[in-house]
Every structure is written in structure tokens, then in C-alpha cells.
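Below you'll find the structure I mean.
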Amino acid sequence: MLADLAAGLALAALIAYAVLAGADFGGGIWDAFARGPRRDAQREAIAHAMGPVWEANHVWLIFVVVLLFTCFPGAYAALSIALFTPFHLVLLGIILRGAAFVFRAYSPQSIRRPGAPGRQARRWGAVFGAASVITPVLLGMCLGAVSAGGVHVDPAGAVTIEGAAPWLRPLSLAMGGFALAVCAYLAAVYLANETEGELRADFRRRALWAGTAVVAMSVLVLPLLRARAPHLWHGLLGARAWPVLAVGVAAALLSGWALWRHRPRLARTATVAQAACLLAGWGIAQHPYLIYPDVTVHTAAAGSATLRFVLWSTPFGMLLLLPSLWWLFRVFKGGAMRLTNAPGDGGAG
Amino acid sequence: METLTAARAQMEVSLAFHMVFAALGIGMPLLMVAAEGLWLRTGRAHYRDLAKKWAKATALTFAIGAVSGTALSFELGLLWPRFMAFAGGIVGPAFALEGYAFFLEAIFLGLYLYGWEKLSPRAHLAAGAAVAASGMVSGILVVAANAWMQQPLLDARGAVVRDNALAPFLSRAWGVMSLHSTLSCYIATGFAAAGVYALGMLRGRRDAYHRSGLALALGLGTAAALLQPVSGHFSADHTARHQPLKLAAYEAHFHTTRGAAEVIGGIPDVQARVVHGAIRIPKLLSFLAFADPDAEVKGLDAFPRELWPNVVVAHLAFQGMVACGFALIGAGLWFWWTGWRRREPGRWLLRALVLVSPLGILALEAGWIVTEVGRQPWIIRGVMLTRDGVTTVDAVPATFFGFSLLYLVLGVALALLLRRLATGAPPRAAQAGAAAPEVAHAR
């Protein structure tokens with residue numbers, strides 16, 4: 001029971017990371033694919049939207065990792081061995097994304113075109129965009145790897161890999177693509193909320209493309225799930241997961257409709273619900289496995305003293321955290337942003 | 001390259017890199033808030049300019065500290081999975097609480113950096129104070145995990161206590177270690193920042209902006225540097241009682257003796273069990289460790305040879321740390337002595353301040369080497385050997401070289417950006433200080 005609660009907490013933190021930091025990765029994706037006459041304005045809007053919040057959003061991942069190694073140390077150790085390479089690549093992406101974002105903000109502007117990024121800033125911008133595309137794909141692949149099977153962990157903790165690398169299997173690759181599409185969708189929907197006029201139209205269009213990509217990726221993932229991860233497929237259709245998934249699918253349809261009908265606020269709410277329900281459904285269907293088929297929430301759990309400490313400290317921690325987060329988002333996400341600051345000055349403020 | 005060697009090297013590179021930014025991320029917000037507080041109090045614009053400049057430096061260093069810290073939380077498992085499988089549930093609570101403090105730091109830093117126009121002056125200052133406080137607290141909390149590795153909580157039979165989630169905080173090393181490391185962050189930041197303003201003044205910019213920047217940075221740095229020997233004494237005292245082997249290693253104290261001499265400088269020769277070229281101060285080690293000049297201090301010979309840490313590295317790092325510390329105290333006191341006599345800081349003083357400005361960071365790194373190399377061959381002292389915690393994956397040499405290259409590139413890029421930030425004093429500073437005649441002169 002304690003272990004299940006701790007796993008639920010980790011899943012909640014993962015959902016927070018996905019809907020918040022996922023959109024920051026999505027911002028980087030749209031930075032990489034900024035096109036058209038408003039290319040610089042799009043990038044500026046993205047940087048402006050991410051600037052104040054991305055560091056805080058990123059901490060949810062540290063939370064997930066800490067919860068994992070504190071509450072399920074055996075699973076964390078096994079994952080670290082089985083996913084040694086993709087985790088290192090994720091780290092590379094995370095480090096380059098964050099570093100390039102701040103480096104770009106503090107690089108000099110172009111001398112010839114005032115207000116435009118200088119050469120150094122453009123280079124860091126390219127790194128930022130590329131890292132933002134690669135990292136969510138890799139994270140999705142890692143998520144796929146724990147469901148796909150093929151990672152065997154004996155009771156002593158020794159890890160053996162059966163067949164192809166678990167993160168490079170078709171299901172994992174499809175999950176990577178799915179994660180990429182979801183991040184792009186989240187970001188475009190949020191950005192359509194936080195901009196006005198032509199920029200809003202740009203991001204709305206991008207949201208519609210990304211939404212289509214999400215649907216396409218789900219169509220690809222579902223048969224793969226059925227063929228390659230029957231335990232997860234049955235779990236998703238099971239009595240506990242399907243209502244959550246049904247809400248998620250309804251929210252997805254609602255967010256698409258709201259976007260189409262130019263109702264960005266409703267689209268944002270529905271999109272958050274969609275992403276949260278899909279991940280929650282995955283978590284419920286995956287339960288009790290942390291790494292299918294050998295590691296479960298119960299076999300990997302830390303001692304009850306540790307679990308109790310983590311669970312009891314959470315309400316107190318949240319008592320500090322949630323009001324602070326509320327303040328942060330109220331100040332910076334309260335209304336449509338005004339792009340009055342000079343670019344680069346946003347971060348440098 | 002052997003996996004254990006590569007894993008230790010990757011951990012060393014990652015931590016050495018992270019530590020600089022973690023330390024600046026603890027120290028810079030305090031400077032930034034102090035400057036903003038002075039601005040609100042006096043209305044003198046150069047304090048605001050300093051606060052904004054230090055806020056930018058904080059933003060850059062915090063971001064790098066955050067991503068390199070994320071890497072470390074993964075690397076604990078990637079490099080030491082068997083250690084984490086064994087100890088994750090025990091050290092975890094320290095990381096969990098640190099997570100909350102770090103989260104608050106990230107939230108309030110966002111509010112601070114981007115909220116200059118959006119928050120009231122008092123709310124903005126409060127957000128900055130929250131950054132400084134949560135940064136300090138997160139540093140103190142995370143040291144508990146390392147303290148437990150130095151001195152794990154054991155039960156009466158000598159087994160690791162697993163049914164107490166507060167184990168990392170009950171490690172008796174936590175208090176002395178966290179005090180020493182927190183002070184070292186402020187020393188590193190204070191003197192590093194002071195070097196920037198000393199250099200500016202050497203180049204003739206003796207305006208209010210540079211004077212106040214120098215005074216604030218050295219105020220923090222000197223205060224912390226003066227407290228550090230006291231904290232270091234507590235630390236040595238604790239080590240002598242609870243980790244005598246580590247003390248013997250970093251003091252290069254080979255033979256158990258009464259009235260042991262303090263060995264200053266020199267190169268230890270582990271084969272011959274002597275220190276070449278050292279100055280010896282009779283009875284000082286016994287006095288420092290046990291407050292008794294005739295106390296017996298256990299030497300390396302009291303322990304099996306295979307459990308010795310690398311004596312040469314530990315001794316040189318310890319000597320380097322202490323030397324840096326005293327050089328900083330000297331430079332700081334020189335500055336305040338000059339100020340107390342109402343003299344202008346002279347060129348030699350400014351040159352000295354520029355020269356010593358990296359020593360705080362060097363001392364921080366050296367001190368970390370002392371404590372970590374001094375714990376070897378154990379990953380959890382007395383419980384688990386480092387080689388028993390390392391991963392079974394054989395790709396570690398590749399990731400070690402890859403990450404070293406990555407950190408090298410990022411370190412150079414960041415240094416260039418910070419240099420640009422440091423040399424670009426705001427034009428407003430000149431306007432703000434225009435009333436002061438010496439500024440008009442300097443222009």
C-alpha cells in the first residue's frame with residue numbers, strides 16, 4: 001500500500017513534468033522549426049514564455065528521479081544499467097538544452113540588424129532547438145523501454161537484456177515519436193494562449209498540425225502495443241485504466257475542437273487534461289510493474305520507514321511549493337503576454 | 001580504461017564542474033539581494049545596477065548548476081547502481097528534502113529574474129531573499145547524503161540502520177561538513193566577484209559601482225573566510241575522533257605518535273613512509289586534533305595498508321586548501337585594514353585581490369578532494385567498497401570522455417559569457433555616480 005502510494009506520487013510528478021516541461025521542450029521544437037516572416041517574433045515569444053518558468057518546470061524531473069531512487073532503489077539501479085546509453089543521451093540533451101537557452105539569452109545581439117540575434121546567439125539557438133527535439137524523443141523511448149519487456153532482472157539485481165536494446169524496439173521508437181508530438185502540441189496550444197494577433201494564428205496552425213501528428217502517432221502506437229506489449233494493452237483496456245483513457249480521448253477531441261473554433265483557453269485546459277489522462281492511464285495499466293516483467297512496485301520498494309517519510313513529508317513540502325508555484329504562474333501566465341521588452345532583455349531583465 | 005577508474009573519473013569531472021556553479025548559485029543570490037536591499041534603502045542607483053548584474057550572473061550559473069545537478073542525480077545510478085540499490089532508500093530522504101528547497105530556489109529565481117517590472121519592490125526583494133535562503137538550505141540538506149557516506153548510521157551490531165529515514169541527518173559528520181561547505185560557497189563567490197571589481201578599479205574605474213561591488217563581495221568573502229578556520233577546526237576535531245585514517249592521510253601522518261607534529265607542505269613518500277621537504281611544527285597536530293599537545297594521534301601505520309586512501313593526493317589537496325584559505329584571509333584583512341584607515345585601495349592591494357580571486361573556488365575543489373579521496377577505498381565508509389558499487393556496464397570510458405568534452409566546451413563558453421558580463425559595466429552607473437567627482441575624473 002505504501003509502495004503503491006509512493007508510485008502514485010512519482011506518477012503525479014511525472015505528469016506535472018510532462019504537461020509543464022513537455023511544453024518547454026515543445027517550445028524548443030517550434031524554435032527549431034520557426035518559419036515565415038515572423039520567425040524571429042515566434043522565437044522571441046517562445047523564449048519569453050519559457051524564460052521565467054522552465055527552471056522550475058525542469059525540477060519535476062529531478063523529483064521523479066529522486067522519488068524513484070528513494071522509494072524504489074532496486075528499480076532505479078536496474079534502469080540505470082539497462083538504459084545506460086539512452087539515459088546518457090537524455091542527459092546530454094537536457095544539459096545542452098538548458099545551457100544553450102541561457103547562453104543564447106546572454107549572447108550579444110547582431111550588430112548589423114539591431115534587435116536580431118547575433119551569430120553566437122544563432123548558434124546557441126540551433127543547439128537549443130536540436131536538443132529540444134531529441135530529448136523528448138529519448139524520454140519517450142525510455143518510457144517505452146520499461147513497458148516493452150526484454151529487460152530481465154534477477155532477484156540479486158543482475159540485469160540481462162534479451163534481444164535488441166529495449167529502447168530501440170519498435171514500440172519504444174513509436175513512444176518516442178508520440179512524446180515528440182505531444183510536446184509540440186502542448187507548446188503550440190500554450191503559445192496560442194499567450195500570444196495575440198498573427199503570432200497567435202501561427203501557433204494555432206502549428207497546434208493543429210501537431211494535434212494531427214498526435215493522432216497519427218496514437219494510430220501507430222496502438223497496434224504496436226497490442227502486438228508487442230500485450231500486458232500493457234490488456235491493462236489499458238482493464239476496468240481501472242479505461243475510464244481514465246476515455247476521459248483523455250474525450251479531452252483530446254475537445255481540445256482539437258476548441259482550437260478549430262478559436263477558443264484557446266478551453267483548448268489549453270483540455271490539452272492539459274488529455275496529456276495528464278494519457279500518462280495516468282499508462283501508469284495505471286503498467287501497475288504493478290516498474291520494469292516489465294521482473295520488477296514490480298512491491299519487489300523494488302525501499303523500507304517502510306523511507307516510504308513513510310517520503311509520503312508524510314509530501315504534504316508539508318507541497319504546502320511550501322504549491323503557493324510559490326501559484327505565484328510564479330499567476331505573475332507570468334496571468335494573461336496574454338505583452339511583448340514589449342527588447343529581445344534578450346527578457347532574460348537579462 | 002578500467003570501468004572503476006572511468007566511473008570515478010566521470011563522477012569527479014561531473015562533481016567538480018557542478019560544484020563551482022552550485023557554490024556560485026548559493027553565494028551570488030546573497031550578494032544580489034544585499035545590493036538590492038541597499039538600493040531600496042538608500043535609493044542610490046549603482047546598488048540597483050549591481051543587483052541586476054549579479055542577477056544575470058546568478059541566472060547563468062544557476063542554469064548550468066541545475067542541468068549539471070540533474071546529470072549527477074542520474075549519474076548516481078548510471079555509475080554506481082549497486083551503491084544506489086543498497087543505499088538509495090537511506091540517502092534518499094536527504095535528496096527529497098533538498099528537492100523541495102531546490103524547487104523553491106528555481107521558482108523564486110524565475111520570479112526574481114523576470115519580475116523586476118511585474119512585482120512590487122518589496123515582493124521582488126523577498127523573492128530574492130527566498131532564492132538566497134533556499135539555495136543555502138538545499139546545499140546544507142544535500143551534504144547530509146555525503147555525510148552519511150562518510151559516517152553511516154550503524155546499529156549496535158555494526159550493521160547499517162535501515163529503519164530510520166532520518167539516518168543521513170543523524171550522521172554525526174553532517175553538522176561539521178555542512179557548516180564547512182556552506183562557508184566555502186560564500187568564500188568562493190565573494191572573492192571571485194571581488195576580483196572583477198578590483199580589476200575594473202585597476203583599469204581606472206574607481207566609481208561608486210566598482211567600490212560598492214568590491215566592498216560587498218569582500219564583506220561576504222572575508223566574513224566567511226574568517227569563520228572558516230574555526231569551522232575547519234571543528235571538522236578536523238571530528239575527523240580525528242571518527243575518521244582517524246582520513247586525518248592521518250591528509251596530514252601525511254605515517255606513524256602513530258604522542259605529541260604529533262603538524263606537517264606543512266612537502267611531498268609524501270608512501271613507500272618510505274616519510275614526507276620530503278616539509279616543515280614540521282612539533283606537537284601542533286596533537287594540539288589541533290585533541291586540544292592536548294601530548295595526545296596520541298593515530299598514524300597510517302595503525303591501519304591495514306589496503307585501506308589507505310591516496311596519501312599524496314589527500315595531503316597535497318589539504319595543504320592547497322589551507323594555503324588558499326589563509327591567502328584569502330590575508331587579502332581580505334588587507335582590504336578592510338586599508339578601509340579602516342580611510343585609505344584608497346592601492347594598486348598592490350587591487351593586484352593581490354585579482355590574483356587571489358580564483359583561490360576560493362580552488363579551495364572548494366581541494367577540500368572536496370580531501371574529503372572524497374580521504375574516504376577511499378570506501379564508497380560508504382566501513383560498509384561498501386567503491387569497487388563494489390560500480391556499474392557492470394562496460395561503456396563508461398566512452399561516456400567519461402564524452403561528458404568531459406561536453407563540460408569543457410560549456411565551461412569555456414560560460415567563462416567567455418561571464419567575462420563579457422563582467423567587463424560590460426552599465427552606462428547608468430556612470431550617470432548615477434556622476435555626482436561623485438572622482439567618476440567625472442575617471443571618465
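The values are calculated or read from the model by the stated rules, or taken from the named source; none is laboratory data. Small disclaimer: the values here were computed from a predicted structure and weren't measured. Please note: Cβ atoms are built from the backbone with ideal geometry, for glycine as well, and neighbour counts cover all protein chains shown.
Just the residues that are farther than 16 Å from B:Leu284 by Cβ and of a type in the set (A, V, I, L, M, F, W, C), please, taken from the stretch B:229-248.
Those that are farther than 16 Å from B:Leu284 by Cβ and of a type in the set (A, V, I, L, M, F, W, C): B:Val230, B:Phe234, B:Leu245.
So B:Glu296 ticks every box in (1) more than 21 Å from B:Arg241 (Cα to Cα); (2) in contact (Cβ under 8 Å) with a residue 12 or more places away in the chain; (3) among the charged types (D, E, K, R) but one. Which box is left unticked?
If we test B:Glu296 against (1) more than 21 Å from B:Arg241 (Cα to Cα); (2) in contact (Cβ under 8 Å) with a residue 12 or more places away in the chain; (3) among the charged types (D, E, K, R), just (1) comes out false.
Shifting gears a bit: Name every residue in the stretch A:18-64 that is over 18 Å from the mean Cα position of the chain (by Cα) and of a type in the set (D, E, K, R), in order of residue number.
From the stretch A:18-64, those over 18 Å from the mean Cα position of the chain (by Cα) are A:33-45, A:48; that's our starting set.
Residues satisfying the conditions are A:Arg35, A:Arg38, A:Arg39, A:Asp40, A:Arg43, A:Glu44.
Among the residues of the stretch B:109-124, write down those that are touching a Pro at 6+ places or on another chain (Cβ under 9 Å) and more than 7 Å from every other protein chain (Cβ to nearest Cβ).
B:Tyr112 - this is the single residue of the stretch B:109-124 that is touching a Pro at 6+ places or on another chain (Cβ under 9 Å) and more than 7 Å from every other protein chain (Cβ to nearest Cβ).
Oh, and also: Residues that are more than 9 Å from every other protein chain (Cβ to nearest Cβ), surrounded by fewer than 20 Cβ atoms within 10 Å (Cβ to Cβ), in contact (Cβ under 8 Å) with a residue 60 or more places away in the chain and part of a helix (DSSP H, G or I): does the stretch B:131-139 have at least one?
Scanning the stretch B:131-139, I find no residue that is more than 9 Å from every other protein chain (Cβ to nearest Cβ), surrounded by fewer than 20 Cβ atoms within 10 Å (Cβ to Cβ), in contact (Cβ under 8 Å) with a residue 60 or more places away in the chain and part of a helix (DSSP H, G or I), so the answer is no.
If you scan the stretch A:80-89, which residues turn out to be part of a helix (DSSP H, G or I), more than 7 Å from chain B (Cβ to nearest Cβ) and crowded, with 24+ Cβ neighbours inside 10 Å?
A:Ala82
Another question about this same structure. Can you tell me which residue is surrounded by the fewest Cβ atoms within 10 Å (Cβ to Cβ) among those in the stretch A:51-79 that are outside any helix (DSSP H, G or I) and within 7 Å of chain B (Cβ to nearest Cβ)? Don't jump to the end; show me each part of the working.
Our first condition is that a residue be outside any helix (DSSP H, G or I); within the stretch A:51-79, this holds for A:51-53, A:72.
Narrowing the set further to residues that are within 7 Å of chain B (Cβ to nearest Cβ) leaves A:51-53.
On the way: A:Gly51: 22, A:Pro52: 25, A:Val53: 24.
The extreme case among them is A:Gly51.
Additional query: Just the residues that are part of a helix (DSSP H, G or I) and free of Cβ contacts under 8 Å to residues at least 24 places away in the same chain, please, taken from the stretch A:164-208.
Here is the first cut: in the stretch A:164-208, the ones part of a helix (DSSP H, G or I) are A:166-168, A:170-194, A:197-208.
Result: A:Gly197, A:Ala201, A:Arg205.
Table: residues versus (1) of a type in the set (Ser, Thr, Tyr); (2) modelled with pLDDT of 90 or more; (3) closer than 21 Å to B:Val263 by Cα.
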{"position": "B:Pro282", "(1), (2), (3)": "no, no, yes"}
{"position": "B:Glu296", "(1), (2), (3)": "no, no, yes"}
{"position": "B:Pro304", "(1), (2), (3)": "no, yes, no"}
{"position": "B:Val313", "(1), (2), (3)": "no, yes, yes"}
{"position": "B:Ala323", "(1), (2), (3)": "no, yes, yes"}
{"position": "B:Gly330", "(1), (2), (3)": "no, yes, no"}
{"position": "B:Arg342", "(1), (2), (3)": "no, no, no"}
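Now, a different point. Tell me, which residue of the stretch B:149-189 that is assigned to a helix (DSSP H, G or I) and within 14 Å of chain A (Cβ to nearest Cβ) is surrounded by the most Cβ atoms within 10 Å (Cβ to Cβ)? Even if it seems obvious, please write down each step before you answer.
The initial filter retains those residues of the stretch B:149-189 that are assigned to a helix (DSSP H, G or I), namely B:149-150, B:167-170, B:174-189.
Next, from what is left, pick out any that are within 14 Å of chain A (Cβ to nearest Cβ): B:167-170.
Details: B:Ala167: 25, B:Pro168: 28, B:Phe169: 18, B:Leu170: 16.
Selected residue: B:Pro168.
I've got another one for you. Quick check on my filter: what residues within the stretch B:252-272 are touching a helix residue (DSSP H, G or I) at 6+ places or on another chain (Cβ under 6 Å) and among the charged types (D, E, K, R)?
Result: B:Glu262, single match.
Separate question: How many residues, within the stretch A:255-287, are at pLDDT 90 or above and part of a loop (DSSP other than H, G, I, E, B)?
Matching residues across the stretch A:255-287 total 3.
Still on this structure: For the stretch B:257-290, give me each residue that is part of a loop (DSSP other than H, G, I, E, B) and charged (D, E, K, R). Break it down stepwise before answering.
The first filter runs over the stretch B:257-290 and keeps only residues part of a loop (DSSP other than H, G, I, E, B), leaving B:259-261, B:265-266, B:270-273, B:277-278, B:282-283.
Listed by number, the residues that qualify are B:Arg273, B:Lys283.
Which members of the stretch A:297-311 meet the condition of being more than 13 Å from A:Phe72 (Cα to Cα) and more than 9 Å from chain B (Cβ to nearest Cβ)?
A:Leu311
What residue, of A:Glu194, A:Glu162, is among the acidic types (Asp, Glu) and crowded, with 17+ Cβ neighbours inside 10 Å?
A:Glu194
Please tell me if B:Val354 is surrounded by fewer than 21 Cβ atoms within 10 Å (Cβ to Cβ) and in contact with a strand residue (DSSP E or B) (Cβ under 8 Å, 6 or more places away or on another chain).
Numbers: surrounded by fewer than 21 Cβ atoms within 10 Å (Cβ to Cβ): yes; in contact with a strand residue (DSSP E or B) (Cβ under 8 Å, 6 or more places away or on another chain): no.
Against the criterion (surrounded by fewer than 21 Cβ atoms within 10 Å (Cβ to Cβ) and in contact with a strand residue (DSSP E or B) (Cβ under 8 Å, 6 or more places away or on another chain)), B:Val354 does not qualify.
Against the definition (within 21 Å of A:Val64 (Cβ to Cβ) and facing another protein chain (nearest Cβ under 9 Å)), how does B:Phe74 come out, yes or no? Give the steps one after another, and end with the answer.
On the way: within 21 Å of A:Val64 (Cβ to Cβ): yes; facing another protein chain (nearest Cβ under 9 Å): yes.
So B:Phe74 passes the test.
A follow-up question, please. Quick check on my filter: what residues within the stretch B:399-414 are more than 7 Å from chain A (Cβ to nearest Cβ) and surrounded by 14 or more Cβ atoms within 10 Å (Cβ to Cβ)?
Step one: filter the stretch B:399-414 for residues more than 7 Å from chain A (Cβ to nearest Cβ), giving B:400-405, B:407-409, B:411-412, B:414.
Hits for the stretch B:399-414 are B:Phe400, B:Phe401, B:Gly402, B:Phe403, B:Ser404, B:Tyr407, B:Gly411, B:Leu414.
Please determine whether any residue of the stretch A:109-120 is of a type in the set (Lys, Arg) and at the interface with chain B (Cβ under 10 Å from one of its Cβ atoms). It would help to see each step written out before you state the result.
Kept after step one, since they are of a type in the set (Lys, Arg), are these residues of the stretch A:109-120: A:112-113, A:119.
Next cut, at the interface with chain B (Cβ under 10 Å from one of its Cβ atoms) only: none.
Looking for residues that are of a type in the set (Lys, Arg) and at the interface with chain B (Cβ under 10 Å from one of its Cβ atoms), one finds none in the stretch A:109-120, hence no.
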